[in-house]
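Participant: Below are the structure tokens for one structure; questions will follow.
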Amino acid sequence: MTEYSIVAEPRKQMVVITHIFDAPLDLVWKVYTDPKLMPKWWGPRNLKTTVDRMEVKTGGSWRVVQEDPDGNESAFHGVYHEIKPPMRIVDTMEWEGMPGHVLFETVIFEDFNGKTKVTNTSVFQSVEDRDGMVESGMELGVKESNLRFAELLNEMK
């Protein structure tokens, strides 16, 4: 199983999400960065996720489209500012449904006694943007993605 926490302190522009996965660092990195595997874990189960573009390299870009059961689509995109396998990803993320509200994300991967600790720090342009993300159901999405990611790791071990 996996352990996780979400910290969104009042009046700050940041959300810190920490996961501890019961899998080795190299496997966690592979599942996190493989465009063929991402649709199997990213987002809630009721959404179909399609990777339109995922160039996991410094200067690369990414775009993911999600489709709900009624056929409605929602897309996210960003740019990779730094990739240091298997330790660090720095990127941006923007929901295409609300252009101009870009968040800056740093994801750190650490060996944690044979498990892997993943710390995702997202910095929003404003407290209002951060609060909007938190209020949009982010915790449920994180929880379900986290569970799906752990299930996929278990299948691959």
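Participant: Over segment 59-118, what is the relative contact order in percent, taking alpha-carbon pairs closer than 8 angstrom and at least six residues apart?
Facilitator: 23 percent
Participant: With the contact rule set at Cα under 8 Å and sequence spacing of 6 or more, what percent relative contact order holds for the chain? Let's see the in-between values first.
Facilitator: On the way: 325 pairs, mean separation 42.1, N = 157.
Relative contact order comes out at 27 percent.
Participant: Can you spot the lysines whose alpha carbon is less than 25 Å from Lys143's alpha carbon? Ignore those fewer than 8 places along the same chain.
Facilitator: Lys12, Lys30, Lys36, Lys40, Lys48, Lys115, Lys117, Lys157
Participant: Only helical DSSP H runs with n ≥ 4 go in: add -39500 (n - 2.57) per run for the chain, normalise by residue count and round the 222 nm mean residue ellipticity to 500 deg cm²/dmol.
Facilitator: Estimated from H runs of four or more residues: -6500 deg cm²/dmol.
Participant: So who's got an amide H within less than 5 Å of the one on Thr58, skipping anything under 5 residues away but keeping other chains? H placed 1.01 Å off N, in plane.
Facilitator: When sequence neighbours closer than 5 places are left aside, the close amide H contacts are Ile83.
Participant: Okay, next question. Please give the net charge around Val90, taking every other residue with its beta carbon less than 14 angstrom from that of Val90, where Lys and Arg add +1 and Asp and Glu add -1. Spell out each step's value before the answer.
Facilitator: Values: positive: Lys57, Lys84, Arg88; negative: Glu82, Asp91, Glu105.
With Lys, Arg at +1 and Asp, Glu at -1, the neighbours total 0.
Participant: Residue by residue through segment 135-149, which ³J(HN,Hα) values in whole Hz follow from phi under the Karplus form 6.51 cos²θ - 1.76 cosθ + 1.60 (θ = phi - 60°), with glycine and proline marked x?
Facilitator: 6, 7, x, 3, 4, 5, x, 5, 4, 6, 4, 4, 5, 5, 4
Participant: Tell me whether segment 16-89 comes out rounded, prolate or oblate; compute the Cα gyration tensor, take square roots of the eigenvalues as a ≥ b ≥ c, and use a/c under 1.5 as the rounded threshold.
Facilitator: oblate
Participant: May I pose another question? Counting only other residues whose beta carbon sits under 12 Å from that of Lys117, what net charge do I get with K and R as +1, D and E as -1?
Facilitator: After counting each charged neighbour, the total is -3.
We did not get these values from a lab; they are worked out from the coordinates using the rules stated. It should be emphasised that the depicted structure is a prediction, and the values quoted were computed from it without experimental measurement. Note: ideal-geometry Cβ built from the backbone for every residue, glycine included; neighbour counts use all protein chains shown.
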